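> This is the structure I have questions about; it appears just below.
The values are calculated or read from the model by the stated rules, or taken from the named source; none is laboratory data. What you are looking at is a predicted structure, and each value in this text was computed from that prediction instead of being measured. Here the Cβ positions follow ideal geometry from the backbone for every residue, glycine too, while neighbour counts run over all protein chains shown. Quick note on the areas: whole protein, heavy atoms, side chains included, nothing else; ligands and nucleic acids left out. Shrake-Rupley method; radii C 1.70, N 1.55, O 1.52, S 1.80 Å.
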Amino acid sequence: MNRRHRQSTGKTFYKGINVVTSRARERLVVQAPVSSSSGPPRPRLSSSGGGKGSSDGTGRRHHIRGLPRGACALWVLGLTGTASLAIGLLLLMIGADHRLLMATDEVDARVLSALPDPPSACTSDLRQRIAWGVGTSAYQIEGAWNADGKSASIWDTWAHSPGKIQNGDTGDVATDHYHKFEEDIKTMAALGIKHYRMSISWTRLMPDGGRGTHVSRAGVKFYTALLAELQAAGITPVVTLYHWDLPQSLQDLYGGFMDPQFVDDYVYYVDAAFRELGHLVRHWITFNEPMSICQLGYGIGVFAPGVEAGSTGQYKCGHHLLLAHARAVQLYRGKYQKEQGGRISLTISGHWGRPASENSEADAKAAEAYVEFQVGWLADPLFLGDYPKAMRDTQKGLPKFTAEQKALVMGSVDFLSLNFYTAHFVKAPPPGAPKTQLYEEALHDAQGNPPGNSSDVFWLFDTPWAMRKMLAWVSKRYGRPEVWVTENGVPLRDEAGLAVLDALKDTARIEFYRGYLDGLCRAVRDDGVNLSAYFAWSLLDNFEWTEGYRARFGLVAVDRRARGLTRFPKLSAYWLSHHFFKHAPAEIACLEIKSCGGQAHQHRRHLAGLAAADDER
Ligand code: GBH
C-alpha cells in the first residue's frame, strides 16, 4: 500500500519547486486512486452516462457511468417527464437545423423551470449586485495566428514544436474567433451576458514586440471592432494585457521574463494598448497568473517558453513581472486613468491547500505555507509591500525589493483578481527534506481519496467548499479588499470523447457551478468578503494549452469536426444565463462602498478630488 500510495500521490520536488509535474500526471491518470480501507470508490464527475447517482456528503449528486445515457439528465435533475421532453426538444432544435443559439427568452419555460434552482445562499438581491460574466484568452480562441502581420508568440512556437501539445493540436485556427467575433458577441448577448473577460494578443497589436517598434494598424482595427461591437451589445469588457503569449522575438533577444529589460518593453506595449484602445475599456488586467507564467514557463519548463531554471528562474521571472506590472499601473494612473476612468489589477491564481490529515498540526502548517507560496508570493507585495516572510526566510533565489520598488509595487492594484479552480491535499515535508521545502503537495489523502470528484484534467477536483475558504483567506489577509473571481470552471470527466450534441447535456457542469457559487455567495453573506465580480471559464470550448482541444471548459461547445466550427450552447450556459448573467448589474461596482479596498477607494477619492479641483478652475 505504501509504495502504491507514494506513486499515486505524484508529488515531485523539482529543483526546489513544489509541484505536481506533468510526468507525475501520466502516472496519476492511469492510476486511479485505489481505496483500501476507506469505503466505496468515489463517483467521478462525469458528463454522460447515467442511472443511479450517489451523494458525496455535500448533498450534491453525481452519476456513475455504465448505465444507459438517456436516463441521466432525467435522474440528475429529477425532472418531470414533460420537462425532460422539453429539454430533449431544445437540444434537438439546437442541433437539427444548426441554429447557433436560442436566446434564453426563446427557450421553453418548461426547460428553464426544469433546471436546478440557484444555490439558496445566492439570493436574488445578491445576484443583482454582483457582475457575473465569462472569460476567454486570445491564444485560446482567436486563431489567425499569422494573419494581417501578426508575428509568432512563444505559444505559437511551442505549439508548432512536435510533442509539446496533446494530439499535436495548435492554436493556429483555435475557435477562429478572429473571424467569428461578431457571432460570438451575438451568442453572449443572447445569453444575457453583460461582462466579458478577454485578452489582447501582444504580437497582433505590436508584431515586433519591443521598445520603439510600430503598432499594427490591423491589430488596432481588429480590437477596436471587437470592443465596439461589445459596447453596442451592452457587454462590458475586462481586458487582460498578457495571457501568456509573449512575443517570440523578446524571448530570443534576451530570454523574456528572465531579463529586467522585459519591464521597459512591456510598459512600451501597454502604453500603446491604453492609448489605442483605452477609450473602449474601463477594466484592465496586466498579467494573467504569474504562477503559471513563471513556474511552468521558466521554472519547470512544461509551458512555453520551456525554460527549466528551477525556483531561481521562477522567482526571477516573478520579480520582473511584478515590476513590469507596477510600472504599467503607474503609467496608467499617471497618464490615462483620469481621462479614461478605468481601473486596473493583476490576476493571481492558486489552489487551496487541504491538510492531508485533518488532525495533524504539521499538515495544517504546511497547507498554510502552500497557499502563501502561491497567492502570497504575488499578492503580499501588492497589498503588504513584500514577499511573505516564510518565503524570504527560506527561498534563496528570491530577489529582494529595494525601498523604491516596494513603494512602487505596494498598492498597485485597484482590486484583487483571483482565478480559482480547486483544492489539493498538502502534507508536512518528509523527514530529511531540504530546508527550502515547507510542504508536500498530494492528489490523494492517506486513504487514497482525492480531494473531490475528478474532472477531465488531472489537477482539477470538484471541491466547492474550497471556494469559500480561499475567498475568506484572501479577504482576511489583505484587509477586506474588493475581490473579483476572474476564472472558475471545469472540463467534465470523459467529455472529450463525446459528440457535440451529447456534450450539450452537461448537467454535471451545472452541479459544479452550483456548488462553487454556493461557496462564493456564502463567503459574501457570511464571511463579509467584498466580492464584486465573477467570471465563468470559459465562454467556448477552446485550446486548453498543453491539453490541446481535449479538455473542454466551455459553456458553449464548438464542433471541431464540422468545418465552420459551429457553436452550440450547453445546458450549463442556459442555467447560468437564467439565474446569473441576466441578473448582473450593468456596471461592476464594489459591494460595500465603505470598505471598498483601501487602495482603490482612496484612489477613487483622490480622483474625485482632482475632478472637483478641476471643476473649480
Ligand atoms: C487557467 O490556468 C488559465 O488562466 C486559463 O487560460 C486556462 O484555460 C484555465 O485556467 C484552465 O486550465 O502540471 O504542467 O500540467 C489555471 C492554472 C495552470 C492549473 C496549469 C493547472 C497544469 C500544469 N493551471 N496547471 S502541468
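> Taking 45 Å as R0, compute the FRET efficiency from the Cβ-Cβ separation of Ser120 and Leu253 and round it to 0.05.
Working: r = 55 Å, r/R0 = 1.22.
The value I calculate is 0.25.
> Here's something else I'd like to know. For region 127-263, what is the accessible area per residue in Å² when the probe is 1.4 Å?
So region 127-263 comes to 32 Å² accessible per residue, rounded to a whole number.
> In addition: Quick one: of the DSSP bridges fully inside region 114-589, what percent are antiparallel, nearest 5?
Taking every DSSP beta bridge with both residues in region 114-589, the antiparallel ones total about 20 percent.
> Along Cα→Cβ, 7 Å out, is where each label goes; now give me the distance between the ones at Gln330 and Leu92 in nm to one decimal.
Between Gln330 and Leu92, the simple spin-label model gives 6.5 nm.
> Another question, if that's okay. Can you compute the label reach from Lys476? Point 7 Å from Cα along the Cβ direction, backbone N cut-off under 17 Å, restricted to region 375-410.
375-376, 380
> For region 114-589, state the semi-axes of the equivalent ellipsoid (square roots of 5 times the eigenvalues of the alpha-carbon gyration tensor), sorted largest first and rounded to whole angstrom.
Each semi-axis is √(5λ); the values are 30, 28, 23 Å.
> Oh, and also: Mind giving me the FRET efficiency for Asp172 and Asn449? R0 is 41 Å, r the Cβ-Cβ distance, nearest 0.05 is fine. Write down the numbers at each step before the final one.
Numbers: r = 41 Å, r/R0 = 0.99.
It comes out at approximately 0.50.
> Rounded to the nearest Å, what's the spacing between the alpha carbon centres of region 215-284 and region 391-444? Just the number, please.
Value for the Cα centre distance between the two parts: 28 Å.
> Once you list every other residue whose beta carbon is under 14 Å from the beta carbon of Asp259, what net charge do they have if Lys and Arg are +1 and Asp and Glu are -1?
Here the charged neighbours net out to -1.
> Hey, which lysines would be in cross-link range of Lys194, C-alpha to C-alpha under 18 Å, not counting anything within fewer than 8 residues on its own chain?
Lys186, Lys582
> Turning to a different aspect of this structure: According to a simple spin-label model (label point 7 Å from Cα along Cα-to-Cβ), what is the distance in nm between Leu501 and Glu587?
Computed distance between label sites Glu587 and Leu501 equals 4.7 nm.
> Give the aspartates and glutamates reachable from Lys406 as a straight Cα distance under 14 Å; neighbours fewer than 8 places away on the same chain don't count.
Asp380, Asp386
> Given that compact globular proteins tend to follow 2.2 N^0.38 Å, what is the ratio of the alpha-carbon Rg of region 229-281 to that value?
It is 1.42.
> Next question. What percentage of the solvent-accessible surface of region 500-596, computed with a 1.4 Å probe over protein heavy atoms, is contributed by carbon and sulfur atoms?
Carbon with sulfur: 50 percent of the solvent-accessible area.
> Once fully extended, how much extra length lies between Leu85 and Asp386, figured as 0.36 nm per residue of separation less the alpha-carbon to alpha-carbon distance? All intermediate terms of the calculation are to be shown ahead of the outcome.
Numbers: separation 301, 0.36 × 301 = 108.36 nm, distance 5.80 nm.
Computed gain between Leu85 and Asp386 is 102.6 nm.
> Here's a follow-up. Less than 16 Å apart at the alpha-carbon level, and either on another chain or at least 8 residues along: which lysines does that give for Lys396?
Lys15, Lys316, Lys435
> Also, I was wondering about something else. Would you kindly state how much longer the chain becomes between Ala233 and Glu308 on full extension, computed as 0.36 nm times their sequence separation minus their alpha carbon distance, in nm to one decimal?
Residue separation times 0.36 nm, minus the Cα-Cα distance, leaves 22.6 nm.
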